[in-house]
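First comes the structure, then the notes that go with it.
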Amino acid sequence: MRRTTPPHRTTARAGRILPQAVAALVVVLLLAVVVRLPWAGDLGMHAATIERLRHNLLHPGNPLVDADTPSPYYSPWMLLLGCLAKLTGLSVFVILRAGALVGLGLLVTGVWRYVRTLSAHRAAPALALLSLVFLWGPVLFNWSGFVGLNSLALTVSYPSVFAIGLTFHFWAWLTRALRASEPVAWVRWAALGLLWAVILLSHQFTGVVSSLGALAMVIAARPSRPVLLRLAAALALGMLLLGLWPYYDFFSLFSAGADLEAIHKPLYEHLAGHFGFVLLGVAALVLRLRRDRWDPLVLFFALGALMFAAGGLTGHYSWGRALPAALIPAQLAAALEAVTAGRRAVRTGWACVLGAVLAVGAWTQAGTLGYVIPKSSLPAPVADKYHTPWVGYHWITPWAKYGDVVMAQTFPARQIPAYGPYTVTPGYPDFFLPDEKQRDAAVSHYFATDTSAAERQAILRKYKVRWVVGAKSLAGPGLKRVTTGPGDQVLYRVVG
């Protein structure tokens, strides 16, 4: 007599395989994005950092302007990529693709390892990954350190992705060490301390998220005195590495100026549109709290939410970068509830709701497909969601060489240093550059319509400018037109 599989087992198997298959498709999509490496945001900053390290590992100077200053972008991860660039001679964009593959690999394996400390269900890691990339809101949101799908597509080569991937591994190792029946060896705690410091040095904001998550896990575990002593030793070793890091003074970042607050104020705007779907995860956290008041995800969320709220109330908007410390535990809780809730009917119902919300979240970020599929081949509703990446400034490289200074406004200044030249002022706020305001003022004055030719030439001489990127109307004495690029931008050679 032929044996048949019970319907509930067939449903359970499908419920396990479906999220795994979809998660695999997401990873494949991101791998294809790495090949394309769309340019937007800070990509030029990271390319310039590698370029400076390739030329001088010990004293690279400012990555964007011709000045001998430290920079927080010279992290352990960037130093490793700079060494790779120096040894292989490969283009910085090839190196960034290699870094993106490592960062993405760390993220996927890190999520899998950490989620396995929370649930043994085989579908849990895949559901967690899908929740991390799709459980956001109905309005597209992109920001470094936030792991939405579209945000990941644009930042996959950034140090933030490397740092968050390493963070999930750090949490997994820490959780296992705290749960061990016997005290873990001192050397393993020392490794955890060093790993924590590497995360902080590689991406400071993600380091804060990593620290809040670690604190929640320690509180939830209520460790014994011997474990606390090992924790203290690990913390001291990590602090030592932070203090000894030679490329910049980590602790001086705590006194960063008001520029950071203005940049991060948008994190506190349109919260419902950007993060509304995360409320499903908040509901899951309430259920977890009812089952265990020491639940690590609940504590993690509370710490992250408190820091985010404190930043908004006090005007320290840069504290909003700690928001992933509230989002990540909520997203993980939403995924885990589908496999850990008590009765099968409850789990099934929750899984259906979660699946529907994730589908809407995926539709919000459907424009990500445009980074790997030509826009003309996309259905019109998806093509409308696609945002064209930046073109880049490779067209100036036959003339402007490594170390040359280029006069350019903010938008080109965010890209030109990626190819080797410097700009007069950085395209991003630089806390370590003492004359940043004077440089900003000089560039603004140079491109002002009422600035005389003599004043412009004086600015060019002061900053040893060899090239100018600007509009056709900029032509005048002391400038020789060399070539024209996208958007009718013109490259001028400084003469005389």
Query - When each of K401/K480; K265/K375; K401/K462; K401/K472; K437/K464; K265/K385 is checked by Cα-Cα distance, pairs over 27 Å - result: K265/K375
Report summary line: With the charge dipole of the chain built from beta-carbon charges (+1 for Lys and Arg, -1 for Asp and Glu) about the Cα centre, the Cα from Y492, V133, P246 projecting farthest to the positive end belongs to V133
Requested in this report: Please label the shape of segment 267-415 as rounded, prolate or oblate, based on the square roots a ≥ b ≥ c of the eigenvalues of the alpha-carbon gyration tensor (a/c under 1.5 means rounded; beyond that, a/b larger than b/c means prolate, else oblate).
Outcome: oblate
Query raised in the report: Where a ≥ b ≥ c are the square roots of the eigenvalues of the C-alpha gyration tensor, would you call segment 46-144 rounded, which needs a/c under 1.5, or, failing that, prolate if a/b is larger than b/c, or oblate?
Result: prolate
Report summary line: Relative to the chain, whose Cα atoms define the longest principal axis, helix 204-221 and its Cα axis are tilted in degrees, nearest 10, by 20
Query - Rg(Cα)/(2.2 N^0.38 Å) for segment 209-254, N = residue count - result: 1.39
Query raised in the report: Cα centroids of segment 454-482 and segment 430-446: how far apart, whole angstrom?
Result: 17
**Report entry** Theoretical ellipticity at 222 nm over the chain - DSSP helices of four or more residues, -39500 (n - 2.57) apiece, nearest 500
**Finding:** -18500 deg cm²/dmol
Report task. For segment 214-328, just say rounded, prolate or oblate: build the C-alpha gyration tensor, square-root its eigenvalues into a ≥ b ≥ c, call rounded for a/c under 1.5, and beyond that prolate if a/b exceeds b/c, oblate if not. Result -> oblate
Report task. Only bridges with both residues in the chain count here: give the DSSP antiparallel percent, nearest 5. Result -> 70
Report summary line: Probe 1.4 Å, heavy atoms of protein chains only: per residue, the accessible area of the chain in Å² is 45
Report summary line: With DSSP loop assignment and no more than 13 other C-beta atoms within 10 Å, the chymotrypsin sites (Phe, Trp or Tyr not before Pro) in segment 250-334 are W294
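Working out 0.36 nm times the residue gap between V187 and T483, then minus their Cα-Cα distance, what length gain in nm do you get to one decimal?
100.7 nm is the gain from fully extending V187 to T483.
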Query raised in the report: Using θ = phi - 60° and the Karplus curve 6.51 cos²θ - 1.76 cosθ + 1.60, what whole-Hz ³J(HN,Hα) does each residue of segment 410-421 get, with Gly and Pro shown as x?
Result: 4, 4, x, 5, 7, 10, 4, x, 4, 9, x, x
Report summary line: HN-Hα couplings for segment 234-247 via Karplus (6.51, -1.76, 1.60; θ = phi - 60°), in whole Hz with x for Gly/Pro, come out as 4, 5, 5, 5, x, 5, 5, 5, 4, x, 8, 4, x, 7
Query - Calculated from backbone phi, Karplus (6.51, -1.76, 1.60) coupling profile of segment 441-448 in Hz, x at Gly/Pro - result: 5, 5, 5, 4, 5, 4, 8, 5
Query raised in the report: Roughly what angle does helix 159-179 make with the longest principal axis of the chain, taking Cα atoms, 0 to 90 degrees, to the nearest 10?
Result: 30
Query raised in the report: Using alpha carbons only, how many degrees (0 to 90, rounded to 10) separate the axis of helix 76-88 from the longest principal axis of the chain?
Result: 60
Query raised in the report: In nm, to one decimal, how far is the modelled label at L279 from the one at L57, with both set 7 Å along Cα→Cβ?
Result: 5.3
**Report entry** Assigned charges on the beta-carbon of Lys, Arg, Asp, Glu; the chain dipole about Cα centre (debye)
**Finding:** 1940
Report task. List every residue whose amide H lies under 5 Å from the amide H of G470, counting only residues 5 or more places away in sequence or on a different chain, with H placed 1.01 Å from N in the peptide plane. Result -> V490, Y492
Requested in this report: Just name one of P329, T175, G367: the one whose Cα is farthest towards the positive end of the charge dipole of the chain (beta-carbon charges, Lys/Arg +1, Asp/Glu -1).
Outcome: T175
Report task. Select from segment 194-303 those trypsin sites (Lys or Arg not before Pro) which occupy a DSSP coil region and have at most 11 other Cβ atoms within 10 Å, ordered by residue number. Result -> R293
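The values are calculated or read from the model by the stated rules, or taken from the named source; none is laboratory data. As the structure is a prediction and not an experimental result, all values here were calculated from the model. Every residue, glycine among them, receives a Cβ derived from its backbone with ideal geometry; neighbour counts consider all protein chains shown. Side chains are part of the model used for accessible areas, which takes the heavy atoms of the whole protein and leaves out ligands, DNA and RNA. Shrake-Rupley method; radii C 1.70, N 1.55, O 1.52, S 1.80 Å.
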